[in-house]
Amino acid sequence: MIFSDQQLKEIENFGSIFFKVSDIAVALDIDEDELREELALRSSPAARAYRRGIVSTKARIQLQETKLAFIGSPLALENVRRNLIDMEDDE
């Protein structure tokens, strides 16, 4: 499936607010199953845009959580510790 630059930007934006794939398909007026297949192809432009959107928001959330950990939030400290372990496991 070929997406326009505008559609790819919208896919990234929807990914950044954790929109469900089914909702993205409705918003873009495309077939849900086709979009799912496209997103499953991790090297496709749509899949990269979707993941880029998700990662950008995850980064902002983790940054905020790290700031909370530095000021002593017990839950934030635990989450940051878990994120660190996950990061090290992924290296």
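Some points to look at:
- Residue within segment 64-75 that is open to solvent by 70 Å² or more (accessible area, probe 1.4 Å) and closer than 30 Å to LYS9 by Cα present: yes
- Test for LEU35: is it at negative phi, open to solvent by less than 100 Å² (accessible area, probe 1.4 Å) and among the hydrophobic types (A, V, I, L, M, F, W, C): yes
Yes or no, residue by residue, for (1) in a helix (DSSP H, G or I); (2) crowded, with 17+ Cβ neighbours inside 10 Å; (3) out of contact with any Phe, Trp or Tyr (no Cβ under 8 Å at 6 or more places or on another chain):
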| residue | (1), (2), (3) |
| --- | --- |
| ILE2 | no, no, yes |
| GLN6 | yes, no, yes |
| GLY15 | yes, yes, no |
| ILE24 | yes, yes, no |
| LYS58 | yes, no, yes |
| ILE61 | yes, no, yes |
| GLU78 | yes, no, yes |
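- Of all residues in segment 55-91, exactly one satisfies the criterion of being among the β-branched types (Val, Ile, Thr) and in contact with an Asp or Glu (Cβ under 9 Å, 6 or more places away or on another chain), namely VAL80.
Matching residues to (1) in contact with a strand residue (DSSP E or B) (Cβ under 9 Å, 6 or more places away or on another chain); (2) at pLDDT 95 or above; (3) of a type in the set (Asp, Glu):
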position	(1), (2), (3)
ILE30	no, yes, no
GLU34	no, yes, yes
ARG42	no, no, no
ILE54	no, yes, no
THR57	no, yes, no
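The values are calculated or read from the model by the stated rules, or taken from the named source; none is laboratory data. The structure displayed is predicted, hence computed values, not measured ones. Because the Cβ atoms are built from the backbone with ideal geometry, glycine has one as well, and the counts that use them run over all protein chains shown. For accessibility, only protein heavy atoms count, side chains too; no ligands or nucleic acids. Shrake-Rupley method; radii C 1.70, N 1.55, O 1.52, S 1.80 Å.
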